[in-house]
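Q: Take a look at the following structure, please.
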Amino acid sequence: MSQQRRRGPMGGHGMQPTEKAKDFKGSMKKLFGYMGRYKFRFILMFIFAVAGTAFNIAGPKILGKATTELFNGLVAKVNGTGGIDFSKIGMILLWTLGLYVASACFSLIQGFVMTGISNDVTYNLRKDISKKINRLPMNYFESRTNGEILSRVTNDVDTLQMSINQSMTQLITSVTTLIGVFIMMLSINVWMTLAAVLILPVSMLIINKVMKHSQKYFQAQQEYLGKVNGQVEENFGGHDVVRVFNKEQDVLKEFEHDNQKLYESAWKSQFFSGMMMPIMQFVGNLGYVMVALLGGLFAIKGTIEVGDIQSFFQYIRNFTQPIQQIAQVTNLLQSSAAASERVFEFLEEPEEELQPENPDSIEELEGNVQFEHVKFGYNPDKIIVNDFSADVHDGQKIAIVGPTGAGKTTIVKLLMRFYDVNGGSIKVDGHDIRNFNRSNLREMFGMVLQDTWLFS
Ligand SMILES: Nc1ncnc2c1ncn2[C@@H]1O[C@H](COP(=O)(O)OP(=O)(O)OP(=O)(O)O)[C@@H](O)[C@H]1O
Ligand SMILES: [Mg+2]
């Protein structure tokens, strides 16, 4: 009990390891194979996503031209050689507005198409699952808990719906942004780009160090959280037992020990993860200073325009964001791979074949049932019914009596072909029940199980 991991009050922390698929590539391949029928819409979505991002990226560069115009105009005014050309600035601003409006429209269409795809995919998945449930052999349901099956239909499909939508969009836009911004930065100035890009390995190194250091505290936090939760549940659940045996003090002491450990690991792990942002910002600001220095130098030399420095700063801001997003998306993809693995596992379960090639008709049967030397075990190594024979005629009332676990229910399940016999045969009016269509066969019988609840 104490080893159980639960999502407690602090359980949802961002650094928790996400659930991983056993076969990431295979599961993703299956998911994409399933989505293959939406190829056309995918391409449409991709084009609009790229276009929306590209238009967005172009914005700062054009806006920078307005600043340059303003700056040059001011300098000219001071020198007495001219003035600010407001009509030109107005044109530039109009262009920028147009760009941003177009970008927003593209993103809107992209979102519309993507939401449609993800909802259609999950709609069809649910439909397939619900069809599949009716074709699965009884064995499948008896060897799993209801909760396990249910979670594939609800949780896993929900996870897929959410992650397909989010991760696809984010992946495309972040990669496009990263590439686009890099190109724009290079087009402005190579040296400043180098300085800006240099921040990346430095901050990655720092993040890596801090992460490695804090990992053990996160693990300890998870472990003690599980322990404390387990203790609380056990001690409250079995409160009278604790009192009867005078164990209050022991229980308290144990709880205090683990609670203390949880306190220590929780605050350390949270301190380290809280430190991350300020450190990142500090490194980022150092980069800014370097870029600003270089920009000033180049501006004095006249090799760069003032507006370009301004756009460059905007690009730096846009550069780190997609990197963080890509990191998030990889997490999302992990959980969607795990969910898709479970859903497709379910969809690929072997089915009950419903139809023999030439099924016997059930018309004009009387209802004589013969069991002939029936041998059966749920597990072929553990035979439960050994050589059972019976001959029941139409109209007879029969009771099968035996101790619990003798196999009474099993015999009825065999008659309904929830399972097939391992040896011998069952016949209805001389027809082997394996020659009937399963649904026809089951139509002939009525069955009330012992765990059926009767309300009156
Ligand atoms: N789905 C299953 N998988 C494996 N073993 C099973 C399964 N269902 C039943 N058994 C085992 O088969 C044996 C016969 O079970 P069955 O349910 O037919 O007994 P029963 O005669 O109906 O008993 P009861 O009087 O308790 O209803 C038991 O040992 C039981 O544990
Ligand atoms: Mg029974």
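The values are calculated or read from the model by the stated rules, or taken from the named source; none is laboratory data. Every value quoted in this text rests on a predicted model; they were computed, and no experiment measured them. Glycine gets a Cβ as well: all are built from the backbone with ideal geometry, and neighbour counts include every protein chain shown. The area values use the complete protein model at the heavy-atom level, side chains included, leaving out ligands, DNA and RNA. Shrake-Rupley method; radii C 1.70, N 1.55, O 1.52, S 1.80 Å.
Rundown of residues vs (1) assigned by TED's automatic domain parsing to the domain that holds S335; (2) assigned to a helix (DSSP H, G or I); (3) of a type in the set (G, A, S); (4) within 30 Å of F312 (Cα to Cα), yes/no style:
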residue: G147; (1), (2), (3), (4): yes, yes, yes, no
residue: V153; (1), (2), (3), (4): yes, yes, no, no
residue: T159; (1), (2), (3), (4): yes, yes, no, no
residue: S167; (1), (2), (3), (4): yes, yes, yes, yes
residue: M184; (1), (2), (3), (4): yes, yes, no, yes
residue: S203; (1), (2), (3), (4): no, yes, yes, yes
residue: I207; (1), (2), (3), (4): no, yes, no, yes
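Q: Output the residue which, of all residues in segment 378-408 that are among the polar types (S, T, N, Q) and within 8 Å of ligand 1 (Cβ to nearest atom), is farthest from V448 (Cα to Cα).
A: N379
Q: Checking G423 against (1) within 15 Å of ligand 1 (Cβ to nearest atom); (2) surrounded by fewer than 17 Cβ atoms within 10 Å (Cβ to Cβ), which single condition isn't satisfied?
A: Here G423 clears every test but (1).
Q: Let me ask something else. Do you know which residues across segment 392-440 are under 16 Å from P137 (Cα atoms), within 16 Å of ligand 2 (Cβ to nearest atom) and not in a loop (DSSP other than H, G, I, E, B)?
A: Scanning segment 392-440 gives T410, V412, K413, L414, L415.
Q: What are the residue pairs meeting all of these: first residue in segment 130-158, first residue open to solvent by less than 60 Å² (accessible area, probe 1.4 Å), second residue acidic (D, E), Cβ atoms under 7 Å, and 6 or more apart or on different chains?
A: Within 7 Å, the pairs are L136/E349; L136/E351; L136/E352; P137/E352; Y140/E349.
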